[in-house]
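Asker: Quick one: the structure is below, questions incoming.
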Amino acid sequence: MKVAVVKAENYQSRTVNEAVNKAVDLLGGWEKHIKKGDKVLIKPNMLTAAAPEKAVTTHPEVVRAVIKAVKSQGAYPSVADSPGVSNVKKTAVKTGIWQVCEAENVPFIIWEKSRTYPCPEGKFVKHFELAEMIGDFDKIISVAKMKTHVFMGVTGAVKNLFGCIVGTNKARFHLRMQKHSDFAHVMVDLYYTLNPTLNIIDGISGMEGQGPMSGDIVNPQIIIASENGFAADLVMADKMGFKAENMPIAKAAIEENRSALLTEIKTVGDGKDVKYVFKRPHTYESMQDTYVPKFILKLGQNQLTARPSITSACIGCGRCARHCPPRAINIKERKAVIDYNKCIRCYCCQELCEHQAVELKDGLILNLLKKIGIYKA
């Protein structure tokens with residue numbers, strides 16, 4: 001199994017084109033993966049309506065490079081994503097991806113309807129409600145962003161496919177799969193339901209710390225590509241300085257014998273030896289996934305998990321309340337108020353807050369366990 005890591009210093013069109021094409025060439029070339037007449041879905045990360053320089057979404061120049069490459073093979077590209085909360089067109093325009101699609105004369109598709117797609121080999125899920133039009137495509141290319149993630153540790157090629165679930169339908173998975181490990185296994189099932197042909201990760205700029213939206217911008221200056229999304233994400237996490245095989249999705253895929261180990265992956269390209277030390281997200285594990293007995297967990301949940309806390313930056317816009325899976329947030333006197341008895345610690349509020357008004361704070365007992373080394377995040 002092979003992963004290409006290619007250096008790219010900036011987002012100038014020529015630089016990005018060269019890096020993306022070089023990475024795919026190292027995997028056998030575009031002609032190996034895309035055939036004349038193929039209908040190809042390009043799936044970027046469009047988490048929310050954020051400008052490209054915020055490093056929240058896939059940069060439009062990376063999307064452009066993939067569009068051009070697909071067209072060069074005589075295939076027919078389209079671009080689509082379904083942000084969890086934002087208006088789709090507004091998000092596409094703000095991220096610059098809409099303008100790229102117009103300039104390259106390719107359709108940006110706004111998904112509105114869903115249909116059932118079977119997942120007969122799924123370990124946790126036997127079918128998914130996904131965007132209806134996905135079935136119209138011959139190939140899928142996941143074009144992700146290199147970021148940390150407070151719930152999954154990192155988000156890359158595999159987690160990017162969660163956007164194929166239309167809009168707020170995503171919330172029910174957080175309700176059903178509250179444990180990080182369970183949610184990770186669902187992502188493994190989703191990956192094999194969609195089975196992308198190529199996985200490309202925009203790591204020219206990225207995010208560390210409180211990703212995927214409220215972290216700090218970093219500039220790794222790399223493009224990562226692989227035929228296998230799990231391999232791409234393992235290499236990405238390793239480059240970020242994390243224990244790659246301990247990331248929840250990677251761990252789930254390895255447990256299911258659906259992913260190679262990091263040592264079994266051949267990394268190629270002029271960026272194969274680069275290494276970074278990303279700041280970790282405040283929490284991506286919960287006590288639900290450790291040895292702590294459930295009755296203790298239930299009694300002391302507020303103290304045994306990092307809980308979201310609303311800061312003075314909150315303007316009471318209501319975005320978190322509208323999209324909180326367990327409906328644990330209300331707006332009172334123009335400020336979000338969290339009912340911690342309902343809160344499931346999915347951290348959607350932190351992930352989706354445009355004003356960075358949600359902090360994650362360790363409970364007293366969790367903080368003590370970390371200090372004495374019993375619990376290590």
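The values are calculated or read from the model by the stated rules, or taken from the named source; none is laboratory data. Quick caveat, the model's predicted, so the values are computed rather than measured. Positions of Cβ are backbone-derived with ideal geometry, glycine not excepted, and every protein chain shown enters the neighbour counts. With ligands, DNA and RNA removed, areas are computed over all heavy atoms of the protein, side chains included. Shrake-Rupley method; radii C 1.70, N 1.55, O 1.52, S 1.80 Å.
Asker: Placing +1 at every Lys and Arg Cβ and -1 at every Asp and Glu Cβ, with all other atoms neutral, what dipole size does the chain have around its Cα centre, in debye to the nearest 20?
Answerer: 900 debye
Asker: Oh, and also: What are the trypsin sites (Lys or Arg not before Pro) within the range 216-278 that DSSP puts in a loop, where the Cβ has at most 11 other Cβ atoms within 10 Å?
Answerer: On the way: sites: 239, 243, 251, 258, 266, 272, 275; in loops: 243, 258, 272, 275.
When the trypsin sites (Lys or Arg not before Pro) of the range 216-278 are filtered for loop state and at most 11 Cβ neighbours within 10 Å, 275 remain.
Asker: Ok, one more. If you stretched the chain out fully between residue 217 and residue 123, how much longer would it get, using 0.36 nm times the residue separation minus the C-alpha to C-alpha distance?
Answerer: Values: separation 94, 0.36 × 94 = 33.84 nm, distance 3.57 nm.
Here the answer is 30.3 nm.
Asker: If I stretch the segment between residue 115 and residue 332 completely, what's the gain in nm (0.36 nm per residue apart, minus their alpha carbon distance), one decimal? Let's see the in-between values first.
Answerer: On the way: separation 217, 0.36 × 217 = 78.12 nm, distance 3.74 nm.
Extra length available between residue 115 and residue 332 comes to 74.4 nm.
Asker: GluC sites (Glu not before Pro) within the range 95-193: which are DSSP loop residues with at most 10 other Cβ atoms inside 10 Å?
Answerer: none
Asker: Okay, moving on. When a/c is below 1.5 the answer is rounded, else prolate if a/b is larger than b/c, else oblate, so apply that to the range 1-154 with a ≥ b ≥ c taken from the square roots of the Cα gyration tensor eigenvalues. Intermediate values should be presented prior to the final figure.
Answerer: On the way: a/c = 1.32, a/b = 1.16, b/c = 1.15.
Since a/c stays below 1.5, the shape of the range 1-154 is classed as rounded.
Asker: In the chain, if the dipole is taken from +1 on Lys/Arg beta carbons and -1 on Asp/Glu beta carbons about the Cα centre, which of 340, 80, 185 is farthest to the positive end?
Answerer: Projecting each Cα onto the dipole axis, the largest value belongs to 340.
Asker: Probe of 1.4 angstrom, ligands and nucleic acids ignored: what's the accessible area per residue over the chain, in square angstrom? Don't jump to the answer; show the numbers that get you there.
Answerer: Numbers: 15940 Å² over 377 residues.
In whole numbers, the chain has 42 Å² accessible per residue.
Asker: Here is a follow-up. Based on the alpha-carbon gyration tensor of the range 82-148, what equivalent-ellipsoid semi-axes (square roots of 5 times the eigenvalues) come out, in whole Å, largest first?
Answerer: Working: eigenvalues 133, 44, 34 Å².
Semi-axis lengths for the range 82-148 are 26, 15, 13 Å.
Asker: Need the full-extension length gain, residue 35 to residue 51, defined as separation in residues times 0.36 nm minus the C-alpha distance. One decimal, nm. Walk me through the numbers before you get to the answer.
Answerer: Numbers: separation 16, 0.36 × 16 = 5.76 nm, distance 3.30 nm.
Result for the pair: 2.5 nm of gain on full extension.
Asker: Using a basic spin-label model with each label point 7 Å from the Cα along Cα→Cβ, how many nm lie between residue 255 and residue 339?
Answerer: Result for the modelled spin labels: 3.1 nm.
Asker: Return the carbon/sulfur percentage of the accessible area of the chain, one whole number, probe 1.4 Å, all protein chains in place. Present the calculation step by step, with values, prior to reporting the outcome.
Answerer: Details: 7810 of 15940 Å².
Carbon and sulfur together cover 49 percent of it.
Asker: Taking Cα centroids, how far is the range 189-253 from the range 99-121 in Å?
Answerer: So the two Cα centres are separated by 22 Å.
Asker: Shifting gears a bit: So what are the three principal axis dimensions of the chain from its Cα atoms, in whole Å, longest to shortest?
Answerer: The principal-axis extents, from largest down, are 60, 44, 42 Å.
Asker: Also, I was wondering about something else. Compare 282, 149 by solvent-accessible area with a 1.4 Å probe and give them largest first, with all protein chains kept in place. Don't skip to the answer; put the middle values down first.
Answerer: Working: 282 65, 149 5 Å².
Final ranking, largest accessible area leading: 282, 149.
Asker: Can you check what the Kirkwood hydrodynamic radius comes to for the range 103-255, Cα pairs only, in Å to one decimal? Before the final figure, lay out the partial values.
Answerer: On the way: mean 1/r = 0.0627 Å⁻¹.
Result for the range 103-255, one decimal place: 15.9 Å.
Asker: Right, something else. If you put +1 on each Lys and Arg Cβ and -1 on each Asp and Glu Cβ, how big is the dipole of the range 1-98 around its Cα centre, in Debye rounded to 20? Can you show the working numbers first?
Answerer: Working: 16 positive and 8 negative charges, 47 e Å.
Result for the range 1-98 is approximately 220 debye, rounded to the nearest 20.
Asker: Calculate, for residue 18 and residue 312, the FRET efficiency according to 1/(1 + (r/R0)^6) with r their C-beta to C-beta distance and R0 56 Å; round to the nearest 0.05.
Answerer: Plugging the Cβ-Cβ distance into 1/(1 + (r/R0)^6) gives 0.75.
Asker: Roughly how much of residue 182 is accessible, in Å² to the nearest 10, using a 1.4 Å probe?
Answerer: Ignoring ligands and nucleic acids, residue 182 comes out at about 40 Å².
Asker: Could you tell me the extents of the range 48-128's C-alpha atoms along the three principal axes, largest first, rounded to whole Å?
Answerer: Per principal axis, max minus min of the Cα coordinates gives 39, 33, 22 Å.
Asker: So which lysines can residue 36 reach, going by Cα to Cα under 22 Å and dropping same-chain residues fewer than 8 places off?
Answerer: Candidates past the 8-residue exclusion: 22, 68, 71, 139.
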